[in-house]
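Peer 1: Could you have a look at this structure, given as structure tokens, before my questions?
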Amino acid sequence: MKSLYQNYFKKNDNSDPILKTLKNVPIFENLSDKELSDVARLTHERTYKKDEHVFKKLAPAEGMYVILDGEVKITDSDSDTIFATLGSGDFFGELALLDEEPRSASAIATLPARLIGFFRTDLLTLMKRSPELGNKILLNLSRVLGERLRRTNQELAKPSQ
């Protein structure tokens, strides 16, 4: 039997794991809860098995991914270079939101992984529906790409050992 009284003041943390994860991605920072919900509605959840490609080098670039759980490595199979090993909360492939150039590396699940995809078509849809929100995301994306470029320049400027 259901009780007659319940604690209406008790906070239930039934928050959506997708919203929680997106909130911590710099591309979506400073968005209101409503704006974040608008973005989340446009995302696509995908699952990958261990050793399954998320995308391959030179494949058409369609969008970015955020890791809900699992692990993904970003690699160049031609040179056997591993650029990064990423885990929960990390994101990759965001340059594809801006251009249609082929992928410059492969992304492979090194553990079973659950990812959120946010694609260029989703961003374009969002920009039509809500130009202000689209601009916020584009400014954040520009900031992220600028920071990555700055760090790459610093790494390249270090004297070789």
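Peer 1: In the list S32, S106, S37, which residue meets the criterion of being small (G, A, S), without any contact (Cβ under 8 Å) to a residue 60 or more places away in the chain and exposed (fewer than 13 other Cβ atoms within 10 Å of the Cβ)?
Peer 2: Sole residue among the options that is small (G, A, S), without any contact (Cβ under 8 Å) to a residue 60 or more places away in the chain and exposed (fewer than 13 other Cβ atoms within 10 Å of the Cβ): S32.
Peer 1: Checking L126 against (1) touching a residue at least 12 places away in the same chain (Cβ under 8 Å); (2) surrounded by fewer than 18 Cβ atoms within 10 Å (Cβ to Cβ); (3) over 13 Å from the mean Cα position of the chain (by Cα); (4) closer than 24 Å to I18 by Cα: exactly one of these is not met. Which one?
Peer 2: (2) is the only condition that L126 fails.
Peer 1: Restricting attention to segment 147-160, does a residue exist that is at negative phi, touching a residue at least 40 places away in the same chain (Cβ under 8 Å) and not hydrophobic (A, V, I, L, M, F, W, C)?
Peer 2: Within segment 147-160, none of the residues are at negative phi, touching a residue at least 40 places away in the same chain (Cβ under 8 Å) and not hydrophobic (A, V, I, L, M, F, W, C).
Peer 1: Determine, yes or no, whether V54 is in contact with a Ser or Thr (Cβ under 7 Å, 6 or more places away or on another chain) and surrounded by 18 or more Cβ atoms within 10 Å (Cβ to Cβ).
Peer 2: no
Peer 1: Report yes if D33 is out of contact with any strand residue (DSSP E or B) (no Cβ under 7 Å at 6 or more places or on another chain), under 17 Å from P17 (Cβ atoms) and among the charged types (D, E, K, R), otherwise no.
Peer 2: yes
Peer 1: Can we say I116 is assigned to a strand (DSSP E or B), closer than 24 Å to D78 by Cβ and either at pLDDT 95 or above or β-branched (V, I, T) (or both)?
Peer 2: Considered against the rule, which asks whether it is assigned to a strand (DSSP E or B), closer than 24 Å to D78 by Cβ and either at pLDDT 95 or above or β-branched (V, I, T) (or both), I116 comes out as no.
Peer 1: So which residues in segment 91-101 are part of a loop (DSSP other than H, G, I, E, B) and either surrounded by fewer than 17 Cβ atoms within 10 Å (Cβ to Cβ) or of a type in the set (F, W, Y) (or both), if there are any at all?
Peer 2: L98, D99, E100, E101
Peer 1: Right, something else. Name the residue that is surrounded by the most Cβ atoms within 10 Å (Cβ to Cβ), counting only residues in segment 138-161 that are of a type in the set (A, V, I, L, M) and out of contact with any Asp or Glu (no Cβ under 9 Å at 6 or more places or on another chain).
Peer 2: Ranking the candidates gives L138 first.
Peer 1: Taking strands (runs of 3 or more DSSP E) that fall entirely within segment 1-86, which contain at least 3 residues that are among the charged types (D, E, K, R) and modelled with pLDDT of 95 or more?
Peer 2: Result: 63-76.
The values are calculated or read from the model by the stated rules, or taken from the named source; none is laboratory data. Computed from a prediction, not measured in an experiment: that's the story for all the values here. Note that we place each Cβ from the backbone using ideal geometry, even for glycine, and neighbour counts take in every protein chain shown.
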